Amino acid sequence: MTATANEKTRTNVYLDTAMKKQAQEIFKQYGMGLSDAFNIFLSQSVMERGIPFEIKIPNADTAQVIKDAREGKNMTKVSLDELKESIGV
C-alpha cells in the first residue's frame with residue numbers, strides 16, 4: 001500500500017437505477033456498500049492492469065437476439081412446466 005492509501009476523493013457516477021438497487025442488495029449480503037464494491041473493482045483493475053474479468057463482444061447473431069429481446073420482439077411466453085417438459089425433466 002502507498003502512503004496515500006487512506007486519502008479519499010469523491011466521484012459522481014451515473015448508474016441505471018434498477019441495476020444499482022440490485023447490486024446494493026447483493027453487496028449488502030457481504031456487508032458492504034457501493035463505495036466498498038467500487039473500491040474492490042478499482043483495486044483489482046489496478047492489480048490486473050485492466051478490467052478484472054473477461055468481456056466479450058457478442059457475434060452478430062447474438063447481438064441481434066439481445067436487441068430483439070430488449071425490444072420484446074420474437075419472444076414466446078413459456079410456462080415453467082412447458083420448459084421442463086421440453087428438456088425432459
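Miscellaneous remarks
- For first residues located in region 39-55 and within 19 Å of Arg10 (Cα to Cα), partners that are β-branched (Val, Ile, Thr) and assigned to a loop (DSSP other than H, G, I, E, B) and lie 6+ apart or on another chain with Cβ distances below 8 Å form the pairs Ser45/Ile51.
- Residue match in region 36-49 (condition: part of a loop (DSSP other than H, G, I, E, B), loosely packed, with under 10 Cβ neighbours inside 10 Å and within 25 Å of the chain's Cα centre (by Cα)): yes
Every residue, every condition in (1) farther than 30 Å from Asn74 by Cβ; (2) aliphatic (A, V, I, L, M), yes or no:
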residue: Thr9; (1), (2): yes, no
residue: Gln29; (1), (2): yes, no
residue: Asp36; (1), (2): yes, no
residue: Ile40; (1), (2): yes, yes
residue: Glu54; (1), (2): no, no
residue: Thr62; (1), (2): no, no
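- Subset tally (residues that are exposed (fewer than 10 other Cβ atoms within 10 Å of the Cβ), over 18 Å from the mean Cα position of the chain (by Cα) and among the hydrophobic types (A, V, I, L, M, F, W, C)) for region 50-82: 3
- Subset of region 8-20 (residues that are surrounded by fewer than 11 Cβ atoms within 10 Å (Cβ to Cβ) and assigned to a helix (DSSP H, G or I)): Thr17, Ala18, Met19
- Check on Ala23, at pLDDT below 90 and of a type outside the set (Phe, Trp, Tyr): no
- Selection within region 25-35: residues that are outside any loop (DSSP other than H, G, I, E, B) and touching a helix residue (DSSP H, G or I) at 6+ places or on another chain (Cβ under 8 Å). The member of this set that is surrounded by the most Cβ atoms within 10 Å (Cβ to Cβ) is Phe27.
The values are calculated or read from the model by the stated rules, or taken from the named source; none is laboratory data. Only a predicted model underlies this, so the values are computations on that prediction, with no experimental measurement involved. In this analysis, Cβ positions are derived from the backbone assuming ideal geometry, glycine residues included, and neighbour counts consider all displayed protein chains.
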